[in-house]
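Student: I am attaching a structure below and will ask some questions about it afterwards.
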Amino acid sequence: MYIKEISKLTSKKISKNIRIAEEYEKYVTKGFAFKYFPVAIVRTKGAKVWDADGNEYIDFLSSAATYNIGHTNDYVVKAIKEGLDYFIHYCLYFYHEPAVKFAKLLVEITPGNFKKKVTFGLSGSDACDTAIKASLLYTERPNIASFTYSYHGTTYASLSASGSFSPKLRKRIHALPNVYFFQYPDTYRCPFNLSEEECGEYYLSLIEDFFKSIVAGESFAVFLIEPIQGDAGVLVPPKNFMQGLRKLTKEYGIVFADDEIQAGMARTGKMFAIEHFNIEPDLVIVAKAIGGGMPVSAVVGREEILDSAPPQTYFATSAAHALSVRAAIATIEYIIREKLAERAEKLGNYAKKRFNELKEKYEIVGDVRGLGLLLGVEIVKSKETKEPDRKSALKIIWRCWEKGLLMMTYGKYGNVLRVAPPLVITKEELDKAIDIIEESIKDVIAGRVSDEIV
C-alpha cells in the first residue's frame with residue numbers, strides 16, 4: 001500500500017504525517033525498518049506520544065522496549081543537560097568518570113557472584129557481536145548456538161546468529177556458516193500435548209542429542225539466548241528448560257550469553273529476566289532501555305572471558321559516549337529508586353488478568369503470556385485449532401491506531417499483539433489501552449475493519 005492511499009482508508013487526521021512519511025519514503029531506504037502506520041512523532045512524555053497532526057496515543061511499544069522509565073524522563077534529561085556543561089564525549093583512548101561509574105554500576109546490579117568486567121557499545125546489535133567475539137576468543141572454538149526465531153540484531157555476526165531472518169536473506173548476505181539454530185520452547189504449541197515441564201524436557205533433549213550425536217558440544221563457543229524470546233511472540237520457556245540448558249553449557253564449557261536487550265531493565269518484574277530462572281550467566285548483554293532513550297549498550301561478564309581480547313577488539317569511537325552513559329546511570333538510579341521492577345510485576349499481573357478476561361470472551365484470543373509488562377496476546381482463527389490469524393491481528397492494531405493506541409504485531413506467525421508499555425504507565429492509561437484493544441477486537445469480529453488495510 002502506498003502512503004498516500006492510507007488517508008482514503010481512515011477518517012483520522014493525518015495529512016501532516018502523510019507529508020513527512022512521503023518524504024521519508026523518498027530519501028530513506030526501505031531496508032531500514034518496517035512501517036505500520038503513518039505516525040510522525042513530534043513529542044513524547046511518560047507513556048504517551050503525539051504525532052505531527054496533534055493526535056495523542058498511549059504507547060504500547062515503548063520504541064521497541066526502550067523507554068522503560070517513560071518518554072523524556074525528567075531525571076534523565078537533567079543528567080544529560082548537566083553533562084553538556086562539561087563535555088559531550090571523548091573516545092576511550094583516555095578515561096572519563098561517567099564510563100567508570102556506569103561500568104561499576106553494571107557489575108553491581110547484574111547477576112553473578114564472580115569477578116566481572118564491562119565493555120561498551122552503541123546498540124544491542126553491536127553488543128551481541130561483542131559477546132560472540134569474546135566467546136570465540138576465549139574458547140577458541142568455531143561454533144555458535146542460537147535459537148530459531150531469535151532476534152539479536154542486524155550487524156553481521158548478530159544477524160548471522162538471529163533465527164528470525166529468512167534462510168534466503170542469510171544466503172544472500174553469506175551469513176556466518178557455523179551458526180546452529182535450536183528450537184525454543186513454545187508451551188502454547190508444544191508437540192504431543194506435553195505439560196509445561198515435559199515440554200521443557202523435550203526441547204532440552206533435542207539439544208542434548210544434537211551435541212552427543214551430530215555436532216560435538218565441545219565445539220561450541222557460545223550459546224546466545226533470550227530469557228524470554230520477544231520477537232518470536234513473547235515465548236516464556238519452562239524453568240526446567242532454562243536451568244537444564246545452563247547445566248548443559250557448563251558441562252561442555254560453552255559460554256552462556258544472556259541477551260537482556262528487550263527483556264531487561266525491570267521490564268519483566270525483575271531487573272534482569274534471567275533472574276526468574278535463578279541462573280548466573282557468563283555474559284549479560286544490555287542495550288535499549290539501559291540508556292533511557294540514549295544510544296548505549298554493554299556486555300557485562302566474567303573477567304576472564306572479556307579480558308581474552310586484546311586492546312581495540314571491542315573499540316568504537318562513540319562507545320561509552322559520555323552523555324549516553326550519564327543517561328544510563330540516571331536510568332539505573334531511577335529504576336531502583338522508583339521500584340519499577342515491582343511496578344512492572346504488579347501492573348503486568350493486572351494486565352494479564354484483563355487480557356485473560358478477553359480470552360474467555362472472544363474466540364480469536366488464543367493465548368495470553370509473558371512476565372511483567374512484556375506480554376503477548378496471540379490471535380487465532382479458533383481456540384481448538386490454534387491456527388494463527390495474522391490478518392485479524394493486523395486489523396486489530398490498525399483500529400487501535402485509529403482509536404489512539406500504538407502497538408504492533410510480531411511472533412513466529414506475525415499474529416501476536418505486542419504489549420510493552422513504559423513501566424511508568426498509570427493504571428488508568430493501562431485500562432484505557434486495554435479497553436481500546438477490546439473495542440478493536442469487536443470491530444474486527446463484526447467486519448468493520450476493511451481488508452484493504454492488510
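Quick note: the coordinates plus some simple rules give every number you see, no bench work behind them. Note that the structure is predicted; figures quoted are calculated from it, not measured. Note that each Cβ is placed from the backbone with ideal geometry, even for glycine, and that neighbours are counted across all protein chains shown.
Student: What does the helix-only formula give at 222 nm for the chain: each DSSP H stretch with n ≥ 4 adding -39500 (n - 2.57), the total divided by the residues, and the result rounded to the nearest 500 deg cm²/dmol?
Tutor: Helix-only estimate at 222 nm: -12000 deg cm²/dmol.
Student: Taking the Cα centre of the range 74-337 as origin and charging only Cβ (+1 Lys, Arg; -1 Asp, Glu), how large is the dipole, in debye to the nearest 20?
Tutor: My answer is approximately 520 debye.
Student: May I pose another question? Quick one: length gained pulling residue 183 to residue 214 fully straight, 0.36 nm per residue minus the C-alpha distance?
Tutor: Length gained between residue 183 and residue 214: 9.6 nm.
Student: If I model a spin label as a point 7 Å beyond the Cα along the Cα-Cβ vector, how far apart are those points for residue 387 and residue 23 in nm?
Tutor: Result: 4.6 nm between the two label points.
Student: Taking the Cα centre of each part, how many Å lie between the range 397-454 and the range 78-144?
Tutor: 36
Student: Further question: With θ taken as phi - 60° and the coefficients 6.51, -1.76 and 1.60, list the Karplus ³J(HN,Hα) couplings across the range 86-91 in order, rounded to whole Hz; mark glycine and proline as x.
Tutor: Rounded to whole hertz, the list is 9, 6, 6, 5, 9, 5.
Student: Taking the alpha-carbon distance from residue 212 and a cut-off under 21 Å, which lysines remain once sequence neighbours fewer than 8 residues away in the same chain are dropped?
Tutor: Answer for residue 212, where 21 Å is the Cα cut-off: 247, 250, listed by chain and number.
Student: Another question about this same structure. Residue farthest toward the positive end of the dipole of the chain, with Cβ of Lys/Arg at +1 and Asp/Glu at -1: which of 44, 277, 266?
Tutor: So the residue we want is 44.
Student: Ranked by Cβ crowding within 10 angstrom, fewest neighbours first, how are 187, 148, 130, 409 ordered?
Tutor: Least crowded to most crowded, the residues run 148, 187, 409, 130.
Student: Computed over the Cα atoms of the chain, what is the ratio Rg over Rh, Rh following Kirkwood?
Tutor: 0.96
Student: Determine how many Å³ per residue the convex hull of the Cα atoms of the range 74-337 encloses. Provide the component values of the computation, followed by the final result.
Tutor: Working: hull volume 34.0 nm³, N = 264.
Value for the range 74-337: 129 Å³ per residue.
Student: How far, in nm, would the chain grow between residue 250 and residue 4 when pulled straight, counting 0.36 nm per residue and subtracting the alpha carbon separation?
Tutor: Once the chain is fully extended between residue 250 and residue 4, it gains 83.0 nm.
Student: So, in nm, how far is label residue 431 from label residue 451 when the simple model puts each one 7 Å beyond its Cα toward the Cβ?
Tutor: Placing both labels 7 Å beyond Cα along the Cβ direction yields 3.9 nm.
Student: For each of 384, 345, count neighbouring Cβ atoms within 10 Å of the residue's Cβ, then give the residues from fewest to most.
Tutor: Result, fewest neighbours first: 384, 345.
Student: Return the lysines within reach of residue 12: Cα separation strictly under 16 angstrom, same-chain partners fewer than 8 residues apart disregarded; answer none if there are no such residues.
Tutor: Partners within reach: 4, 395, 403.
Student: Taking every eigenvalue of the Cα gyration tensor of the range 267-324, multiplying by 5 and rooting it, what semi-axes result, largest first, whole Å?
Tutor: Values: eigenvalues 105, 73, 6 Å².
In descending order the semi-axes read 23, 19, 5 Å.
Student: As a footprinting exposure proxy, order 102, 165 by other Cβ within 10 Å, with the fewest listed first.
Tutor: Values: 102 25, 165 17.
Ranking 102, 165 by Cβ neighbours within 10 Å, fewest first, gives 165, 102.
Student: Out of 58, 177, 331, whose Cα points farthest toward the positive end of the dipole of the chain (charges: +1 Lys, Arg; -1 Asp, Glu; placed on Cβ)?
Tutor: Positive-end residue among those listed: 58.
Student: Ok, one more. Report, in whole Å, the centroid distance computed from the Cα atoms of the range 235-270 and the range 28-46.
Tutor: Between the Cα centres of the range 235-270 and the range 28-46 lies a distance of 32 Å.
Student: Out of residues 5 or more away from residue 37 or on other chains, whose amide H comes under 5 Å of its own, with H placed 1.01 Å from N in the peptide plane?
Tutor: none
Student: With the Cα gyration tensor of the range 284-425 in hand, give its eigenvalues times 5 under a square root as the equivalent ellipsoid semi-axes, listed largest first in whole angstrom.
Tutor: Numbers: eigenvalues 273, 68, 45 Å².
For the range 284-425, the semi-axes come out at 37, 18, 15 Å.
Student: Sticking with this one: In the structure displayed, which of 115/288; 35/168; 78/353; 104/133; 13/48 lie more than 28 Å apart, Cα to Cα?
Tutor: Where the Cα-Cα span goes over 28 Å, the pairs concerned are 78/353.
Student: Using a cut-off of 10 Å between beta-carbons, work out the net charge of the residues near residue 151 (Lys and Arg +1, Asp and Glu -1, residue 151 not included).
Tutor: -3
Student: Using the Karplus curve 6.51 cos²θ - 1.76 cosθ + 1.60 with θ = phi - 60°, what ³J(HN,Hα) values do you get for each residue of the range 290-305, in whole Hz, with x for Gly and Pro?
Tutor: Ordered by residue, 3J(HN,Hα) equals 4, x, x, x, 8, x, 7, 9, 7, 10, 10, x, 4, 3, 5, 6 Hz.
Student: Rounded to the nearest 20 Debye, what is the dipole magnitude of the chain about its Cα centre when Lys and Arg each give +1 and Asp and Glu each give -1 at the C-beta? Provide the component values of the computation, followed by the final result.
Tutor: Values: 60 positive and 58 negative charges, 197 e Å.
For the chain, the charge dipole is close to 940 debye.
Student: Hey, what do the phi angles of the range 228-243 turn into as Karplus ³J(HN,Hα) couplings, whole Hz, using 6.51/-1.76/1.60 and θ = phi - 60°, x for Gly and Pro?
Tutor: In residue order, the calculated couplings are 10, 7, x, 5, 6, x, 6, 8, 9, x, x, 4, 5, 5, 5, 5 Hz.
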